[in-house]
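Here is the structure we will look at.
No lab work stands behind these numbers, since they all come straight from the coordinates. Note that the coordinates shown come from a computational prediction; the quantities given were computed from them, not determined experimentally. Ideal geometry is used to build each Cβ from the backbone, glycine not excepted, and the neighbour counts take in all protein chains shown.
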Amino acid sequence: MDTYDFIVVGGGIAGASAGFALAEHGAVAVLEREEQVGYHATGRSAALFTAANSALTVRGLTLASKDFLVNPPAGFSGTPLLQPRGALFIGRPDQQGLLDELIARTSALAHAFHRIDTAQAKAMVPVLREEYVAGAVYEPHSMGIEVHALHQGFLRGIKRHGGAVFTGAEVRLLKRESRRWLARTATRSFAAPVVINAGGAWADRIAAIAELRPVNLQPMRRTVVLFDPPPTADPRGWPAVLDIGEQFYFKPESGKILASPADETPMEPCDAYADELDIALAIDRINAAADLPVRHITKRWAGLRTFAPDRLPVVGYDPEVEGFFWFAGQGGFGIHTSAAMGRLCASLVLGRGMPSGLAALGLSEAQLSPARFKSRPQ
Ligand SMILES: Cc1cc2nc3c(=O)[nH]c(=O)nc-3n(C[C@H](O)[C@H](O)[C@H](O)COP(=O)(O)OP(=O)(O)OC[C@H]3O[C@@H](n4cnc5c(N)ncnc54)[C@H](O)[C@@H]3O)c2cc1C
């Protein structure tokens with residue numbers, strides 16, 4: 001039996017950021033089912049940092065992560081974690097109200113959003129169709145994220161503090177015994193007073209292994225394709241372009257175009273695949289907005305974005321048993337909120353309450369606690 005202070009189930013960005021923040025307070029073991037970390041949602045994201053989310057809480061967690069991403073601790077990463085990109089939210093004539101709403105909900109932020117007209121949008125992304133784009137909002141400080149470097153930086157930090165990351169380590173049994181949790185994989189046993197459930201799409205399943213009630217997370221598939229830009233276009237300096245109605249987005253990616261129909265298909269937790277229909281939808285929707293013919297798709301994939309019923313993260317101890325901590329529901333914002341989320345997780349695990357910077361943004365423990373979904377009697 002290997003004994004630790006904290007067992008983290010799941011080695012995606014959530015488990016890695018939680019383990020990183022906890023590693024200076026005790027011995028951490030991260031247990032990841034797959035042979036490689038980042039195989040699921042974390043390795044399949046669009047890698048965009050944006051503060052446009054409709055939930056105030058998520059905008060707060062995003063901006064609270066920015067300092068870390070801009071200035072990570074010494075030795076965290078050999079490359080910058082953020083790259084300048086910008087984000088352009090475009091709207092048809094009937095969507096101008098949505099653009100105004102985005103400006104209204106972000107007006108109090110130091111992180112700027114500007115309303116711009118069709119000509120200004122076209123100057124940034126010349127392939128946009130004038131008859132489609134009636135106006136836009138520009139977020140100049142939206143960034144591209146080096147997800148691999150960020151994820152590996154968290155994992156390296158865990159090991160530097162004496163923690164361990166086990167791959168090929170599917171947790172099959174979780175049991176509370178003698179005031180500690182026992183976690184069993186096919187080949188090893190681990191014990192710790194606290195277990196952190198960072199299982200992404202599988203977090204409700206992991207709770208079930210521990211014989212706990214779910215919080216009713218819903219994994220949703222999102223599809224992505226990569227294709228070559230037309231020879232007449234040079235996308236390298238384009239911002240990410242997002243439909244304000246969340247029906248599609250596209251952005252430059254290593255000389256190609258990365259595009260998505262922004263689909264949200266409810267799924268059981270699984271190794272998600274790209275569906276042909278969703279690929280066709282992405283192409284159709286982008287063609288309506290931009291002169292961007294898709295001749296050859298070079299890569300396609302899909303991943304699961306997992307949401308709690310209210311679309312806010314689930315962070316806190318389970319109210320029904322000692323030492324079982326939920327860290328789930330990172331939806332479509334788990335990468336760009338990861339630095340603040342990891343800190344928040346560690347602070348609540350250690351019983352230190354909401355970190356002051358996040359409390360100042362109006363975040364409360366009750367708002368994120370799994371107890372909000374467990375008030376009904378058993
Ligand atoms: C197409 C797409 C685009 C996205 N774009 C963005 C974006 O631009 N910006 C952004 O911030 N976010 C984005 N996201 C969301 C982001 O990827 C997720 O919020 C984040 O990766 C969730 O991380 P996680 O660690 O919770 O989940 P995961 O990365 O899925 O990790 C969970 C891990 O738990 C492991 N696990 C499950 N059960 C067990 C078990 N029993 N034992 C051991 N291990 C187990 C799994 O194998 C898995 O590796 C996007 C997601 C997708 C799919």
In degrees, nearest ten, helix 338-349 long axis to first principal axis of the chain (Cα): 20 degrees
Region 198-316: relative contact order as a whole-number percent, Cα under 8 Å and 6+ apart: 35 percent
Rounded to 10°, Cα long-axis angle of helix 147-160 versus longest principal axis of the chain: 20 degrees
Normalised per residue, the volume of the convex hull around the Cα set of the chain (Å³): 136 Å³
Normalised contact order of region 253-378, rounded percent, pairs of Cα under 8 Å and 6 or more residues apart: 20 percent
Value of Rg/Rh across region 1-131 [Cα atoms, Kirkwood radius]: 1.08
Rounded D (µm²/s) - region 131-209, Kirkwood Rh over Cα pairs, Stokes-Einstein at 4 °C, 1.567 mPa s: 79 µm²/s
Coarse-grained scattering of region 207-294 at q = 0.12, 0.20, 0.21 Å⁻¹, given as base-10 log I(q)/I(0) from a Debye sum over alpha-carbon atoms: -0.45, -0.92, -0.99
Across Lys159/Lys374; Lys66/Lys159; Lys122/Lys256; Lys66/Lys256; Lys175/Lys374; Lys159/Lys299, pairs whose alpha-carbon gap is larger than 30 Å: Lys159/Lys374; Lys159/Lys299
Inter-site label distance for Thr185 and Lys256 at 7 Å from Cα along Cβ, in nm: 3.1 nm
Region 299-367 - percent relative contact order, Cα under 8 Å, separation 6 or more: 24 percent
Cα centroid separation - region 256-312 against region 138-166, whole Å: 25 Å
Gyration tensor verdict on region 88-135 (Cα atoms; rounded if a/c is under 1.5, prolate if a/b is larger than b/c, oblate otherwise): oblate
The chain, helix-only ellipticity at 222 nm - DSSP H runs n ≥ 4, -39,500 (n - 2.57), divided by all residues, nearest 500: -7500 deg cm²/dmol
Part-to-part distance (alpha-carbon centres) for region 186-210 and region 91-113, which is given in Å: 40 Å
Which of Val9, Val215 has the fewest Cβ neighbours within 10 Å, and the rest in rising order: Val215, Val9
Per residue, the convex hull volume that the Cα atoms of region 260-341 enclose (Å³): 151 Å³
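Based on the Kirkwood radius over alpha-carbon pairs, what value in µm²/s does the Stokes-Einstein equation return for the translational diffusion coefficient of region 119-264 at 4 °C and 1.567 mPa s?
66 µm²/s
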Segment Leu277-Ala108, length gained on full extension (0.36 nm per residue, minus Cα span): 56.9 nm
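Could you calculate, for region 60-126, the ratio of the Cα radius of gyration to the Kirkwood radius, expressed as Rg to Rh?
Details: Rg = 15.8 Å, Rh = 14.6 Å.
Across region 60-126, the Cα-based Rg/Rh ratio is 1.08.
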Cα-Cα P(r), region 51-186, percent of pairs per 10 Å interval: 10, 26, 24, 20, 13, 7, 1
Within a Gaussian network of the chain (alpha carbon springs, distance under 10 Å), most fluctuating of Gly237, Gly323, Gly15: Gly237
For the chain, built as a Gaussian network whose Cα springs stay under 10 Å, the top-fluctuating residue of His151, His161, His296: His296
For region 314-378, average projected area of the Cα convex hull in nm²: 4.8 nm²
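Starting from region 245-296, pick out the GluC sites (Glu not before Pro) whose DSSP state is loop and whose Cβ has at most 16 other Cβ atoms within 10 Å. Each step should come with its number before you reach the end.
Working: sites: Glu246, Glu253, Glu264, Glu276; in loops: Glu246, Glu264.
Passing sites in region 245-296 are Glu246, Glu264.
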Equivalent ellipsoid semi-axes - Cα gyration tensor, region 1-65, angstrom: 27, 17, 8
Between helix 13-22 and the chain: long-axis angle, C-alpha atoms, 0 to 90°, nearest 10: 50 degrees
Positive minus negative residues near Val127 (Lys, Arg vs Asp, Glu; Cβ under 12 Å): -1
